[in-house]
Every structure is written in C-alpha cells, then in structure tokens.
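I have placed the structure first, in the form of structure tokens, so that the comments after it can refer back to it.
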Amino acid sequence: MDIVGAIAGLIVLSPIMLAAAAAVKLSSPGPIIFRQERAGYGGRPFTFYKFRTMFKGAEATKDGLQPRNEQSGPVFKMTNDPRITPVGRFLRKTSIDELPQLWNVLRGHMSLVGPRPLPCEESDDCDGWQRRRLDLTPGLTGVWQVSGRCEIDFDEWVRMDIRYAEHRSLILDLKLLLTTVPAVLSGRGAR
C-alpha cells in the first residue's frame, strides 16, 4: 500500500509539487528541498525531505527562539515563527511542504500512516516511555495530524501514537488517510 500510494501520490501531485518548488526557489535564496536527520523505526536516523519553508540558515537561530516555544516536551513549535517565509507559511498551512516525504515513503524510511518522525535531537530528548513511538515506521500522516496537530501537548501526542500502535490495522490506516484531506483543508493546528 505504501509503495503504490507513494507512486500514485507523486504522479498525481507532481503539478502541485512543481509549482511549490518554483515558488520556493523564486521567493527566497536557498535550496528548494529542506533535508534533516529524523529518527525512524527503532530510532535509526534517516534523511527527511520537505519543501523549504524557512529562510536559509534558519535552523541556526532556533536556540534563540527556544523561550518562545509553545509545545510541551522536547519538540519546538511556535505560532508566527519569524524564520518562516511568506511562501513557506502558505505551504505549511496547506501541508504542501510535506509532499516530498512521498519520496521517503517510496524509499521505505516512512509509511503513509504512522507516528510523525521527530528530528533526531528531539527524539533523543524523549523520556523512556515516549520512545515507544519508535516501535513503528514513522508516517506521512497519523492520528496526531488529523486530531489538531500543534494544539495537542506532546504527552498526549505520544499517547495517540502508542494507542495507534496497539490498534493499527488496514481499516484504521485507510480511515486516517481519508480523514487527512479534510484535516489538511481545515488547516487546524498547522503552524
């Protein structure tokens, strides 16, 4: 399902991805694709792809913004992050920035459905019980994404991932894939 879904997604969404790539390139200097090491299945690192939504060099300024972090736990989330470009704000709100992860799915580093992969340094800072989320291949979408994303505190986010792991099935995955579209269109919890 992952391979077929990723190939179909890459084909069907390629016009949107080409338009997003052009918008990123024309709107600010820097690469089109943002690459970051994320924690995959069992905590193994993999290179994660997104359309770049921040100004070039933005990662280096994250420590200075830490006092404005709005998310609990080891993750960093912030409303009106000054590092985000105007085009990046639109790409994030619509989740178009996530589409290059279909390549991660095709390569087997991610699944269509599963826990969201955290940057390695954030994953390393998780408490022991929170690391249970690494027992599954990370996903492009999942319970957290369709339940309000950044409106949910980190402990509840991890509990959602663990409940998903305990009850996962093809039917649940299909349901989560189908509810992803309205969740994305609503923009609820997107930052």
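The values are calculated or read from the model by the stated rules, or taken from the named source; none is laboratory data. Quick caveat: nothing in here was measured; it's all calculated off a predicted structure. Backbone-built Cβ (ideal geometry, glycine too); neighbour counts: all protein chains shown.
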| request: Return only the number of the condition from (1) at pLDDT below 90; (2) in a helix (DSSP H, G or I); (3) more than 23 Å from Gly43 (Cβ to Cβ) that Trp144 does not satisfy. | output: (3)
| note | Within the range 24-35, residues being within 20 Å of the chain's Cα centre (by Cα) and either surrounded by 16 or more Cβ atoms within 10 Å (Cβ to Cβ) or in a helix (DSSP H, G or I) (or both) number 2
| request: Would you point out the residue of the range 36-77, among those that are on the phi > 0 side of the Ramachandran plot and in a loop (DSSP other than H, G, I, E, B), that is surrounded by the fewest Cβ atoms within 10 Å (Cβ to Cβ)? | output: Gly57
| query | Since Ser27 meets every condition but one in (1) polar (S, T, N, Q); (2) in contact with a helix residue (DSSP H, G or I) (Cβ under 7 Å, 6 or more places away or on another chain); (3) closer than 30 Å to Arg159 by Cβ, which condition does it not meet? | reply | (3)
| said: So if I check each of Leu91, Leu134, Leu102, Leu178, which one is among the hydrophobic types (A, V, I, L, M, F, W, C), without any contact (Cβ under 8 Å) to a residue 12 or more places away in the chain and not in a strand (DSSP E or B)? | reply: Leu178
| query | Which members of the range 150-168 meet the condition of being under 14 Å from Gly139 (Cβ atoms) and not in a helix (DSSP H, G or I)? | reply | Arg168
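If the requirement is being modelled with pLDDT of 95 or more and under 18 Å from Val181 (Cβ atoms), which of these qualifies: Leu106, Leu112?
Of Leu106, Leu112, the one residue that is modelled with pLDDT of 95 or more and under 18 Å from Val181 (Cβ atoms) is Leu112.
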